[in-house]
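Asks: Structure in structure tokens, see below.
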Amino acid sequence: MNENKKGTLYLVPTPIGNLEDMTYRAVRVLGEVDAIAAEDTRHTGILLKHFDISKPLISYHEHNKTEKGTAIIDMLLEGKDIACVSDAGMPAISDPGADLVAKAIDADLEVVPLPGPNAALTALIASNLDTKQFTFVGFLPKRGKHRNEVLQLMAKQTGTLLFYEAPHRLEEVLFDMYKVFGNRPITIARELTKKFQTFMRSDLASICKDVTQITYKGEFVLVVGGVETGTNTEVVTDEPISYEEEVTKLIAGGMAKKEAIREVAKRFGVSRRDVYNLVERQ
Ligand code: SAM
């Protein structure tokens with residue numbers, strides 16, 4: 001494929017849901033390289049089959065990236081061309097791949113990125129929020145304390161903020177955002193390019209007041225207005241929502257009172273005793 005003695009590392013984006021989003025060039029490159037480093041070989045195998053491509057697959061993921069990365073660099077140094085693909089979207093964007101790029105550049109190898117699908121940018125362009133300036137945050141830390149630290153840092157950004165989030169953490173992340181950012185416009189983009197694609201264009205206050213509006217299934221990008229860019233940036237200084245109301249809602253949803261108090265205290269970063277006292281005062 002190339003005339004240098006060393007091989008080339010191709011970064012090949014793959015569809016985030018709709019197979020028609022695979023580019024001609026991506027198909028050609030995958031068909032021409034000597035091997036494909038894939039995050040999930042089974043998943044990539046299905047994609048390759050769809051495009052009638054048969055190539056050796058190398059499993060390269062978060063948990064084996066150190067040793068496999070070295071082996072891939074050795075292959076490149078021997079003159080093999082390798083494509084790196086992630087599960088979906090752009091390799092190296094919240095995906096393994098960045099390490100391989102660093103190693104390849106360190107070894108003075110050529111790295112060729114292909115443009116293509118990416119969930120964050122796909123959500124941004126239809127979000128109706130500022131596209132002139134934005135910050136990609138990706139996944140927030142899983143733990144509350146670290147997550148709040150990152151959110152506090154992001155609260156100062158003037159451009160639009162782009163987050164990835166798993167469905168089971170979505171609700172607590174939305175509450176944390178509301179607590180740290182105050183009210184801001186938000187677009188929740190779900191299942192982009194897929195059959196059940198939806199865009200919820202709203203604000204953090206309205207969403208946190210009724211979290212049952214959201215379908216907690218599928219894949220999500222959260223697009224949040226920056227500190228000065230949104231149309232609705234009123235900052236919440238006191239209790240943004242009533243803890244008593246939140247506890248009542250959770251109880252109505254089938255949660256035991258003690259558990260509901262614990263959950264609300266966790267969401268808003270306050271002590272269980274404070275929530276308990278407010279609930280008991282009713
Ligand atoms: N490399 C990918 C890219 O370029 O977008 C991102 C990979 S990251 C491991 C996976 C996360 O991206 C998901 O948890 C979700 O937040 C987001 N995502 C991926 N596909 C999506 C889709 N079709 N709709 C909405 N979000 C998506």
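Asks: What does the charge count around residue 164 come to, taking other residues whose C-beta lies under 14 Å from its C-beta (Lys +1, Arg +1, Asp -1, Glu -1)?
Replies: That works out to -1.
Asks: Another question, if that's okay. Taking residue 49 as the anchor, which aspartates and glutamates have their alpha carbon closer than 18 Å to its alpha carbon, excluding any fewer than eight residues away along the same chain?
Replies: Answer for residue 49, where 18 Å is the Cα cut-off: 20, 21, 32, 34, 39, 40, 87, listed by chain and number.
Asks: Roughly how much of residue 249 is accessible, in Å² to the nearest 10, using a 1.4 Å probe?
Replies: 80 Å²
Asks: Quick check on my link table: of 194/258; 145/217; 5/132; 68/142, which ones sit more than 32 Å apart, alpha carbon to alpha carbon?
Replies: Over 32 Å apart, Cα to Cα: 194/258; 5/132.
Asks: With +1 on the Cβ of every Lys and Arg and -1 on the Cβ of every Asp and Glu, and nothing else charged, how large is the dipole of the chain about its Cα centre, in debye rounded to the nearest 20?
Replies: For this selection, approximately 640 debye.
Asks: Further question on the same structure: Of the candidates 251, 82, 261, which one comes out as most mobile in a Gaussian network treatment of the chain with C-alpha springs shorter than 10 Å?
Replies: Its mean-square fluctuation being the largest, the pick is 251.
Asks: Here is a further query. How about the stretch 1-110: which trypsin sites (Lys or Arg not before Pro) there lie in a loop by DSSP and see at most 13 other Cβ atoms within 10 Å?
Replies: When the trypsin sites (Lys or Arg not before Pro) of the stretch 1-110 are filtered for loop state and at most 13 Cβ neighbours within 10 Å, 5 remain.
Asks: If you don't mind, another one. Roughly speaking, to the nearest percent, how much of the chain's 1.4 Å accessible area is carbon and sulfur?
Replies: Using a 1.4 Å probe with all protein chains present, the chain comes out at 51 percent carbon and sulfur.
Asks: Provide the per residue accessible area, probe 1.4 Å, for the chain, rounded to a whole number of square angstrom.
Replies: The answer is 52 Å² per residue.
Asks: Right, here's the next one. Based on the alpha carbon coordinates of the chain, what radius of gyration and maximum Cα-Cα distance (Dmax) apply, in Å?
Replies: 22.4, 78
Asks: At 1.4 Å probe size, what's the solvent-accessible area of residue 164? Round to the nearest 10 Å².
Replies: Looks like 30 Å² after rounding.
The values are calculated or read from the model by the stated rules, or taken from the named source; none is laboratory data. For clarity, every value in this text was computed on a predicted model and none was experimentally measured. Here Cβ is always computed from backbone atoms with ideal geometry, including for glycine, and neighbour counts include all displayed protein chains. Please note that ligands, DNA and RNA were not included when accessible areas were found on the heavy atoms of the full protein model with its side chains. Shrake-Rupley method; radii C 1.70, N 1.55, O 1.52, S 1.80 Å.
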